[in-house]
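Colleague: Would you mind keeping the following structure in view while I ask a few things?
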Amino acid sequence: MRKPLVAGNWKMNGSRENAESLIAGIKEGLGVNAAVEAAICPPFVYLSEVGSRLSGSGIALGAQNVSQHGNGAYTGEISTSMLLDVGCKYVISGHSERRALYGEADSLVAEKVVAINAAGLKPILCVGELLKERESGKTEEVVARQLDVLLNSAEGLAALQNTVIAYEPVWAIGTGMTATPEQAQDVHAFIRQRIAAKDTALAQKVRILYGGSVKGNNASELFAKADIDGGLIGGASLQVEEFLAICRAVK
Ligand code: 13P
């Protein structure tokens, strides 16, 4: 059985004060919930403090990005060993905002996924198509390309053993235009089949999250789909009640 994961991606939002109240509210509301694994991915500068606050709660800590390089002369970058050092379990890689705004190509995203896994962290690999790609019938082609860069190399396939995949259609991110449960399920099933063609056991165990305007009031119908194993949550993860409602919506 795949244990559902609900991960909050705070993106470049928050403050120390607001992180404190958010974490307190989430910890109190979630309590001991064996049905779902929750994770919080705050900005780098808050990782240590949020990690301390999460300690003992069972809620995992994640980062939003990482360097593909080991420690060294890379001014402004953060390494996998630093993320391990501050208690991270997960690292998001290939978020569409990094791909679109910071020019992260499939090959760089794959390098990061391999480095994250090699460090003993778990990658959350984001894939997803632009609106114009969906409208021109290219959704599967785009998602396949983003996956194949890992599926087609031995070290990529090895890293995928410990990876969570997040399908985030770019047109659904921060727009309120959630994919319908059927649209999401179709792509999730496609991702699982594509992995199965290389490794059937991996396809069964890999968790595939949906991300893109997930809210408390649409999460349960998305999570009810066979191949949707939780969510990667942006805006709604900054509100205690919304995030809790999404965590409670897991099947
Ligand atoms: P929203 O939930 O704000 O649409 O963001 C989704 C996302 O990008 C999570 O990584």
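The values are calculated or read from the model by the stated rules, or taken from the named source; none is laboratory data. Quantities reported herein were computed from a predicted structural model and do not represent experimental measurements. When we count neighbours, we look across all protein chains shown, and the Cβ atoms used for this are built from the backbone with ideal geometry, even at glycine. Each accessible area value is taken on the protein alone, full model and side chains, heavy atoms only, with ligands, DNA and RNA left out. Shrake-Rupley method; radii C 1.70, N 1.55, O 1.52, S 1.80 Å.
Colleague: From the list Arg145, Arg192, pick out the single residue that is in a helix (DSSP H, G or I), more than 16 Å from the ligand (Cβ to nearest atom) and surrounded by fewer than 16 Cβ atoms within 10 Å (Cβ to Cβ).
Modeller: Within the list Arg145, Arg192, the selection yields Arg145.
Colleague: Keeping to segment 163-175, report how many residues are exposed (fewer than 15 other Cβ atoms within 10 Å of the Cβ) and either touching a residue at least 40 places away in the same chain (Cβ under 8 Å) or more than 8 Å from the ligand (Cβ to nearest atom) (or both).
Modeller: Looking only at that region, the number is 1.
Colleague: Identify the residue in segment 195-248 that is farther than 17 Å from Leu30 by Cβ, within 11 Å of the ligand (Cβ to nearest atom) and small (Gly, Ala, Ser) and, among all such residues, is nearest to the chain's Cα centre (by Cα).
Modeller: Gly211
Colleague: Return the residues of segment 52-67 that are buried (at least 20 other Cβ atoms within 10 Å of the Cβ) and part of a loop (DSSP other than H, G, I, E, B); say none if nothing qualifies.
Modeller: Hits for segment 52-67 are Ile59, Gln64, Asn65, Val66.
Colleague: Name the single residue that is surrounded by the fewest Cβ atoms within 10 Å (Cβ to Cβ) among those in segment 176-188 being in a helix (DSSP H, G or I) and of a type outside the set (S, T, N, Q).
Modeller: Only one residue tops the list, namely Glu182.
Colleague: Quick test of your reading of the structure: Ala35 fulfils all but one of (1) within 19 Å of Phe223 (Cα to Cα); (2) in contact with a helix residue (DSSP H, G or I) (Cβ under 8 Å, 6 or more places away or on another chain). Name the failing condition by number.
Modeller: Answer for Ala35: the failing condition is (2).
Colleague: Which ones in segment 88-111 are within 16 Å of the ligand (Cβ to nearest atom), open to solvent by 10 Å² or more (accessible area, probe 1.4 Å) and either of a type in the set (A, V, I, L, M) or in a helix (DSSP H, G or I) (or both)?
Modeller: Ser96, Glu97, Arg98, Arg99, Ala100, Leu101
Colleague: Which of the residues that make up segment 112-129 are away from the ligand (no atom under 16 Å from the Cβ), open to solvent by 10 Å² or more (accessible area, probe 1.4 Å) and under 19 Å from Ala39 (Cβ atoms)?
Modeller: Those that are away from the ligand (no atom under 16 Å from the Cβ), open to solvent by 10 Å² or more (accessible area, probe 1.4 Å) and under 19 Å from Ala39 (Cβ atoms): Asn117, Ala119, Gly120.
Colleague: Take the residues of segment 1-24 that are of a type in the set (A, V, I, L, M) and more than 18 Å from Gly62 (Cβ to Cβ): which is least open to solvent (accessible area, probe 1.4 Å)?
Modeller: Looking at the filtered set, the residue picked out is Ala24.
Colleague: Check Leu160 against each of (1) within 16 Å of the ligand (Cβ to nearest atom); (2) open to solvent by less than 30 Å² (accessible area, probe 1.4 Å) and name the one condition it does not meet.
Modeller: (1)
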